[in-house]
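To start, the structure under review is shown below, and the notes come after it.
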Amino acid sequence: DTEVTQTPKHLVMGMTNKKSLKCEQHMGHRAMYWYKQKAKKPPELMFVYSYEKLSINESVPSRFSPECPNSSLLNLHLHALQPEDSALYLCASSQVGSHTEAFFGQGTRLTVV
Amino acid sequence: LAKTTQPISMDSYEGQEVNITCSHNNIATNDYITWYQQFPSQGPRFIIQGYKTKVTNEVASLFIPADRKSSTLSLPRVSLSDTAVYYCLVANNYGQNFVFGPGTRLSVLP
């Protein structure tokens, strides 16, 4: 199994809502990532987890809260988002120390209204 | 932080070889050069990675000169299904300063 599965594929939420994005992989990878991608732009790294511990937070606003409950799952909790947070949110995984060879999910298309 | 530049777009015809060059003048000693392919509404897909000289796999070749200040992704005999955005990534494997290049939009025409 070489897939990273993200749910939901699409999400529309209001600015006062709380929602969560989910990511799952069964490749035995112990590094997992969240990226944000705006239209016609490259992915931007948000968070890195290594061995289920947050190792990198790229100065992401606190309205985005990551969680890694186990080695296969990665969540991104969303609260009080702004319309400019609308984007494609990508999850990825890799072997620890092989960040540049990551497997990406198909992403969640988030629209904040 | 290794800043990369790539052509914004390229056009090619089916069956041709396509070469996409990425410039990375301030590449660091620990940095690798990696190329990803991305189709609309999908996540990027790893294509190839190298450190120096030439690397070849079943889908592409990567040429890196001795000074490592640039790299060229070569796609042999492209088909319509190769139409995508190609990102050059110059980064180490520990997650710091991890920035994708701007991407090259390749259009393959029949």
B versus A: buried accessible surface, summed, Å² (probe 1.4 Å, to nearest 100) = 1600 Å²
note = For chain A, any Cys whose C-beta has no other cysteine C-beta under 4.7 angstrom counts as unpaired, and these are A:68
key: Radius ratio Rg over Rh of the range A:46-111, counting only Cα atoms, Kirkwood formula for Rh   = 0.95
task = Given the options A:23, A:91, A:68, state which has the largest fluctuation in a GNM of chain A using a 10 Å cut-off (strictly under) for Cα springs.
result = A:68
key: Within a Gaussian network of chain B (alpha carbon springs, distance under 10 Å), most fluctuating of B:29, B:72, B:83   = B:29
remark   = Counting all Cα-Cα pairs in chain A, those more than 19 Å apart amount in percent to 38 percent
task = Starting from one equal scatterer on each C-alpha and no solvent at all, send me the Debye-based log10 I(q)/I(0) for the range B:29-110 at q = 0.15, 0.22, 0.26 Å⁻¹, two decimals.
result = -0.54, -1.10, -1.39
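Please list A:101, B:17 in order of solvent-accessible area, largest first, computed with a 1.4 Å probe with all protein chains present.
Greatest to least solvent exposure: B:17, A:101.
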request  = Pop out the carbon and sulfur fraction of the accessible area of chain B as a percent, whole number, probe 1.4 Å.
outcome  = 51 percent
message = Using the alpha carbons of the protein assembly as shown, what is the convex hull volume per residue in cubic angstrom, as a whole number?
response = 118 Å³
query = Using a Gaussian network for chain B with springs between C-alpha atoms less than 10 Å apart, which of these wobbles most: B:37, B:49, B:16?
reply = B:16
task = Please report, as a whole percent, how much of the solvent-accessible surface of the range A:1-51 comes from carbon and sulfur atoms (probe radius 1.4 Å).
result = 51 percent
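Leaving ligands, DNA and RNA out of it, rank A:10, A:79, A:26, B:24 by accessible area with a 1.4 Å probe, largest first.
Values: A:10 140, A:79 85, A:26 110, B:24 0 Å².
These residues rank, largest area first, as A:10, A:26, A:79, B:24.
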message = From the phi angles alone, apply the Karplus equation (6.51, -1.76, 1.60; θ = phi - 60°) to the range A:98-113 and give each ³J(HN,Hα) in whole Hz, x where the residue is Gly or Pro.
response = 10, 4, 6, 10, 9, 9, 9, x, 7, x, 10, 7, 9, 10, 9, 10
query = Where nothing but the Cβ of Lys and Arg (+1) and of Asp and Glu (-1) is charged, how large is the charge dipole of the protein assembly as shown around its Cα centre, in debye to the nearest 20?
reply = 420 debye
note = chain B accessible area per residue, 1.4 Å probe, protein heavy atoms, integer Å², reads 50 Å²
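The values are calculated or read from the model by the stated rules, or taken from the named source; none is laboratory data. Here the structure is a predicted model, which means the values were calculated and not measured. So basically every Cβ, Gly included, is an ideal-geometry build from the backbone, and we count neighbours across all protein chains shown. When the accessible area is computed, the model is the full protein with side chains, heavy atoms only, and any ligands, DNA or RNA have been set aside. Shrake-Rupley method; radii C 1.70, N 1.55, O 1.52, S 1.80 Å.
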